[in-house]
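Remarks on the structure that follows.
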């Protein structure tokens, strides 16, 4: 079970297996990666023999053969040209030459199994299981933001200990830690630490420095840094590096390790066949695709290089009906007492599995006369779709893990390490289940189909409307509903004796729709927040007091936003506690007033006022003098590396200015802050708390002024 695989320029491959005494390497020189070429259209008769002869003359091609494979889930076995190459890096260039080498018109041929990541391809083709057979050892290396763009580090954190000094001092400490820990995984705050340490060793004349377990190769660069855009959001992908014999997790470029933990990563390793290093930098969609590719591979289905699935013909009326999202029941703005939240368990994944929604069976030819999808008239084949086989094990596993978490928490002395492991695994699976629906409508999804996306939404709307009707018939009033959740409160027009028990109703709805409706929470009260410039309810902004608990559930408001300074988050939570205890806006305003006094008195710690925002473009791409621009200018002045897609952290010191003096970066010594700016942010946060009661910022400001004037008058009288 190799936990990491290394590829060398001469074609050799190293499998590294973790043991209790370190790691052992198995060298292979017989691995020849493979891609396929076949007809794009099943009705096109193509002779692959001439193309095969062309490839056989290519120096990078090891072998070719005509095999029988399925070019898609809806297609039977067809002749395909299999091309084995001498190195994993030659797959894509050789696949690109298929059209040049072939006499067939462009568009008649299609290439398959081309754009796999290296280690994943190896595991898929050789059957190697990348799940570690034993616990893996880790070593963390980190640098502060001030060192990010330097050729030589003067400060480095090694296994939690900060080391400062000369290059020799730092290199000696790192080397000693490598020898002591012999880590299987290097967890780096940025992967740029790897080449920088080697450059420092070269400059300092330290010849025996090495992070590698293989004496012939120190490190390899796998990819250069890049900026990308996904759904309108700019992201940054740092350069990626490989150290033979060790997996690298770059904390600046990992989703699953950052959102879960190592146990969550390892759970997905076992399901996706993507080794740790590749899974750590992979996106949710990338991992979901890997799991789907494994299922396709087991079924003998080839994986398309580029998605070319056309959308099935639809009448205009069907297009109108299909182009809708999930169910939305606009929230009733205001404060609601005695509210229950009901959620459908993994609604969209369970719709896929219970309704057999899969790209290979949606709108099948064999049942074209059936109307299986409500409102759209799509048919669904009786044969089980591959997507069900992909998702059902994940749904079942997460249900089991959640049950184990509940059992562990009920123990008198819960095992915190065991809980962390279970929470990590549950979180990792949750993200896969969250993404599986949207990925069906993603244009670049390997196996997605827009009709699946539309069908899932149609089923979801029907299920939520069914639940809403049954709850109302049972004596409950719906105050909000969105996608997979419904909030209800007892209908005041229904006598308590006539109202049906909520648990009984949930069970009945579960049996009717075949997806479990769970009682998520009971609230003493819930407040639904209006939109900023409208009286209509904001769909995802609310807060409420959990019954019998000290906790609040908060969604969408400032305390849940990543950019909000911790001081403002804390004040907003204090306001919620005041409101819960008194139900009085005056008590909330008193809390706000106290926080404003602390701001202007200068007693708030600067580190509690740090804002964190994502940079969406290079400095020269901005046309307005925003706070982000001021922060970028300061970073540029100090030669700090901040790329589009990355975060920048700062404190606002003088918001009246438009130059770089407007803010201070978090690593700088900040002597003061702009109290008036943060007062505005506080008022905005308190508006979120009071807006369900009809208060806006103007009214809050007027009330504050009335509070302050008597205080000043009283002060003058005492003088």
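The values are calculated or read from the model by the stated rules, or taken from the named source; none is laboratory data. All values derive from a computational prediction rather than experimental measurement. Note that each Cβ is placed from the backbone with ideal geometry, even for glycine, and that neighbours are counted across all protein chains shown.
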How many residues are closer than 19 Å to residue 298 by Cβ and assigned to a loop (DSSP other than H, G, I, E, B) when one looks only at region 118-160?
-> 5
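Taking the conditions exactly as written (buried (at least 20 other Cβ atoms within 10 Å of the Cβ), in a helix (DSSP H, G or I), touching a strand residue (DSSP E or B) at 6+ places or on another chain (Cβ under 7 Å) and modelled with pLDDT of 90 or more), does residue 387 satisfy them or not? Can you show your working first?
On the way: buried (at least 20 other Cβ atoms within 10 Å of the Cβ): yes; in a helix (DSSP H, G or I): yes; touching a strand residue (DSSP E or B) at 6+ places or on another chain (Cβ under 7 Å): no; modelled with pLDDT of 90 or more: yes.
So residue 387 does not fit the description; no.
Can you tell me which residues in region 193-221 are part of a strand (DSSP E or B) and either touching a helix residue (DSSP H, G or I) at 6+ places or on another chain (Cβ under 8 Å) or not assigned by TED's automatic domain parsing to the domain that holds residue 142 (or both)?
221
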Might you let me know whether region 109-116 holds any residue that is outside any helix (DSSP H, G or I), at pLDDT 95 or above and under 27 Å from residue 261 (Cβ atoms)?
-> yes
Return a yes/no flag: does region 42-51 have any residue that is at pLDDT below 95, crowded, with 21+ Cβ neighbours inside 10 Å and outside the structural domain of residue 114 (by TED's automatic domain parsing).
-> no
Any chance residue 137 is surrounded by fewer than 18 Cβ atoms within 10 Å (Cβ to Cβ), assigned by TED's automatic domain parsing to the domain that holds residue 221 and at negative phi = yes
Assess whether residue 484 counts as being modelled with pLDDT under 95, closer than 30 Å to residue 572 by Cα and in the same structural domain as residue 326 (by TED's automatic domain parsing).
-> yes
Here are 467, 445, 428, 403: which of them is more than 22 Å from residue 255 (Cα to Cα), surrounded by 20 or more Cβ atoms within 10 Å (Cβ to Cβ) and in the same structural domain as residue 525 (by TED's automatic domain parsing)?
-> 467
Take region 484-495 and flag every residue that is in a loop (DSSP other than H, G, I, E, B) and crowded, with 19+ Cβ neighbours inside 10 Å.
-> 484
List, please: which pairs have Cβ atoms under 6 Å, are six or more places apart or on different chains, and start with a residue in region 52-77 that is over 16 Å from residue 113 (Cβ atoms) and end with one that is crowded, with 16+ Cβ neighbours inside 10 Å?
-> 52/64; 52/81; 54/101; 56/64; 60/85; 60/86; 60/90; 74/360
Out of curiosity, is residue 79 over 27 Å from residue 13 (Cβ atoms), part of a loop (DSSP other than H, G, I, E, B), in contact with a strand residue (DSSP E or B) (Cβ under 7 Å, 6 or more places away or on another chain) and in the same structural domain as residue 122 (by TED's automatic domain parsing)?
-> no
Spans of strands (runs of 3 or more DSSP E) in region 496-607 with at least 1 residues under 17 Å from residue 686 (Cβ atoms) and touching a residue at least 60 places away in the same chain (Cβ under 8 Å) | 517-530, 537-546
Residues of region 29-50 classified as within 23 Å of residue 61 (Cβ to Cβ), without any contact (Cβ under 8 Å) to a residue 60 or more places away in the chain and more than 35 Å from the chain's Cα centre (by Cα), total = 6
Counting only residues that are within 16 Å of residue 209 (Cβ to Cβ), surrounded by 16 or more Cβ atoms within 10 Å (Cβ to Cβ) and touching a strand residue (DSSP E or B) at 6+ places or on another chain (Cβ under 7 Å), region 140-177 contains a total of 8
Which residues, counting only those in region 477-495, are in contact with a helix residue (DSSP H, G or I) (Cβ under 8 Å, 6 or more places away or on another chain) and free of Cβ contacts under 8 Å to residues at least 60 places away in the same chain?
-> 491
Can you tell which of 291, 351 is at pLDDT 95 or above, out of contact with any strand residue (DSSP E or B) (no Cβ under 8 Å at 6 or more places or on another chain) and within 15 Å of residue 451 (Cα to Cα)?
-> 351
Conditions (1) more than 22 Å from the chain's Cα centre (by Cα); (2) farther than 25 Å from residue 340 by Cβ; (3) surrounded by fewer than 23 Cβ atoms within 10 Å (Cβ to Cβ); number of the one not met by residue 454 | (3)
